[in-house]
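K.L.:
I have a structure I would like to understand better, so I am pasting it below and will then ask my questions one at a time.
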Amino acid sequence: MILYEKKEKENSKDYAYRVLKDNIMTLNLKPGELLSEAELSEKLGISRTPIREVLMRLKNEHLIEVKPQTGTYISLIDINMVDQGLFMRYTLEKEVLKEACNGVSDEIIIELEKNLFTQKLIANKSDSAIEFHKLDKEFHELLFRATNKGEIWNCILNMSTHYNRMK
């Protein structure tokens, strides 16, 4: 597990959530891997109570599974969840694109163009996959927010966690 520096004004629970989720999403914590509350508490330097709260949140996001009398495990990547997340994104994104074509501000168009330009610059670099996916996500989020559909984008992100783990 990769640890990060705690951000200024970040509480223990938010820090633990950020570190654990990022390690799950980047597969530093492998699907099927056993998690120990005590070990996480020690590694992150925080008490077990915030760890338990974070684990419940990750369970609600389908990123971990809690098996009574067995333990807590990183969820396997669920192909059905991948399919549903992609279906939701593609279906809704088509409508957002139609709406965006009917008029977004010049400032938004400039931001979208800058984003695409940056994506092209880093696309062929061998060590830039994470940065490329981050820019791609920002591009799509900008489209949703520009059409006042930001909450829909948040729903898509929640449904896309298993897909994003595969990227």
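K.L.:
Collect the residues in segment 56-76 that are buried (at least 16 other Cβ atoms within 10 Å of the Cβ), free of Cβ contacts under 8 Å to residues at least 40 places away in the same chain and under 17 Å from Leu157 (Cβ atoms), keeping them in residue-number order.
P.N.:
none
K.L.:
Follow-up question, since we're still on this one. So, Lys94, is that one over 20 Å from Leu29 (Cβ atoms) and either part of a helix (DSSP H, G or I) or of a type in the set (A, V, I, L, M, F, W, C) (or both) or not? Give the derivation first.
P.N.:
Values: over 20 Å from Leu29 (Cβ atoms): yes; either part of a helix (DSSP H, G or I) or of a type in the set (A, V, I, L, M, F, W, C) (or both): yes.
Against the criterion (over 20 Å from Leu29 (Cβ atoms) and either part of a helix (DSSP H, G or I) or of a type in the set (A, V, I, L, M, F, W, C) (or both)), Lys94 qualifies.
K.L.:
Follow-up. Within segment 12-29, is even one residue among the β-branched types (Val, Ile, Thr), without any contact (Cβ under 8 Å) to a residue 60 or more places away in the chain and not in a helix (DSSP H, G or I)?
P.N.:
First, pick out the residues of segment 12-29 that are among the β-branched types (Val, Ile, Thr): 19, 24, 26.
Subset that is without any contact (Cβ under 8 Å) to a residue 60 or more places away in the chain: 19.
Those left that are additionally not in a helix (DSSP H, G or I): none.
Within segment 12-29, not a single residue is among the β-branched types (Val, Ile, Thr), without any contact (Cβ under 8 Å) to a residue 60 or more places away in the chain and not in a helix (DSSP H, G or I).
K.L.:
Say we look at segment 93-102 and pick out the residues that are among the hydrophobic types (A, V, I, L, M, F, W, C) and surrounded by 10 or more Cβ atoms within 10 Å (Cβ to Cβ); which of these is nearest to Asn158 (Cα to Cα)? It would help to see each step written out before you state the result.
P.N.:
Kept after step one, since they are among the hydrophobic types (A, V, I, L, M, F, W, C), are these residues of segment 93-102: 96-97, 100-101.
Still in the list and also surrounded by 10 or more Cβ atoms within 10 Å (Cβ to Cβ): 96-97, 100.
Details: Val96: 18, Leu97: 20, Ala100: 23 Å.
Once the filter is applied, the top-ranked residue is Val96.
K.L.:
Listed residues Asp106, Asp83; which is touching a Phe, Trp or Tyr at 6+ places or on another chain (Cβ under 9 Å) and among the acidic types (Asp, Glu)?
P.N.:
On the way: Asp106 fails: touching a Phe, Trp or Tyr at 6+ places or on another chain (Cβ under 9 Å).
Exactly one residue qualifies, and that residue is Asp83.
K.L.:
While we're here: Could you give me the residue pairs with C-beta distances under 8 Å whose first residue belongs to segment 124-135 and is without any contact (Cβ under 8 Å) to a residue 60 or more places away in the chain, whose second residue is small (Gly, Ala, Ser) and assigned to a loop (DSSP other than H, G, I, E, B) wherever it lies, and which are 6+ apart or on separate chains?
P.N.:
Phe132/Ala123
K.L.:
Is there a residue being modelled with pLDDT under 90, touching a helix residue (DSSP H, G or I) at 6+ places or on another chain (Cβ under 7 Å) and in a helix (DSSP H, G or I) anywhere in segment 125-132? If you could, list the steps in order and put the result at the bottom.
P.N.:
Just the residues of segment 125-132 that are modelled with pLDDT under 90, to begin with: 125-132.
Filter again for touching a helix residue (DSSP H, G or I) at 6+ places or on another chain (Cβ under 7 Å), leaving 128, 131-132.
Going one step further and asking which of them are in a helix (DSSP H, G or I), we end up with 131-132.
Within segment 125-132, one or more residues are modelled with pLDDT under 90, touching a helix residue (DSSP H, G or I) at 6+ places or on another chain (Cβ under 7 Å) and in a helix (DSSP H, G or I).
K.L.:
What number goes with the only condition from (1) polar (S, T, N, Q); (2) at pLDDT below 95; (3) under 21 Å from the mean Cα position of the chain (by Cα) that Thr72 does not pass?
P.N.:
That leaves (2) as the condition not met.
K.L.:
If you go through segment 34-55 one residue at a time, do you hit one that is exposed (fewer than 10 other Cβ atoms within 10 Å of the Cβ), without any contact (Cβ under 8 Å) to a residue 60 or more places away in the chain and assigned to a loop (DSSP other than H, G, I, E, B)?
P.N.:
For segment 34-55, residues exposed (fewer than 10 other Cβ atoms within 10 Å of the Cβ), without any contact (Cβ under 8 Å) to a residue 60 or more places away in the chain and assigned to a loop (DSSP other than H, G, I, E, B): absent.
K.L.:
Determine whether segment 9-32 contains at least one residue that is polar (S, T, N, Q) and over 22 Å from the mean Cα position of the chain (by Cα). Quick ask: steps written out before the conclusion?
P.N.:
Quick first cut of segment 9-32, residues polar (S, T, N, Q) only: 11-12, 23, 26, 28.
Okay, now just the ones that are also over 22 Å from the mean Cα position of the chain (by Cα), so none.
Checked segment 9-32: no residue is polar (S, T, N, Q) and over 22 Å from the mean Cα position of the chain (by Cα).
K.L.:
Restricting attention to segment 70-127, which residues are more than 18 Å from Glu138 (Cα to Cα) and aromatic (Phe, Trp, Tyr)?
P.N.:
Tyr73, Phe87
For (1) buried (at least 16 other Cβ atoms within 10 Å of the Cβ); (2) aliphatic (A, V, I, L, M); (3) not assigned by TED's automatic domain parsing to the domain that holds Leu34, each residue gets a yes or a no:
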{"position": "Met88", "(1), (2), (3)": "yes, yes, yes"}
{"position": "Thr91", "(1), (2), (3)": "no, no, yes"}
{"position": "Val104", "(1), (2), (3)": "yes, yes, yes"}
{"position": "Leu112", "(1), (2), (3)": "yes, yes, yes"}
{"position": "Asn124", "(1), (2), (3)": "no, no, yes"}
{"position": "Phe132", "(1), (2), (3)": "yes, no, yes"}
{"position": "Ala146", "(1), (2), (3)": "yes, yes, yes"}
{"position": "Asn154", "(1), (2), (3)": "no, no, yes"}
{"position": "Met159", "(1), (2), (3)": "yes, yes, yes"}
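K.L.:
Moving on. Working only within segment 63-76, note down all residues that are under 20 Å from Val19 (Cβ atoms) and of a type outside the set (S, T, N, Q). Walk me through it before giving the result.
P.N.:
Going through segment 63-76, the residues under 20 Å from Val19 (Cβ atoms) turn out to be 63-66, 71-75.
Matches in segment 63-76: Leu63, Ile64, Glu65, Val66, Gly71, Tyr73, Ile74.
The values are calculated or read from the model by the stated rules, or taken from the named source; none is laboratory data. In this text the structure is predicted, and so the values were computed from the model without any measurement. So basically every Cβ, Gly included, is an ideal-geometry build from the backbone, and we count neighbours across all protein chains shown.
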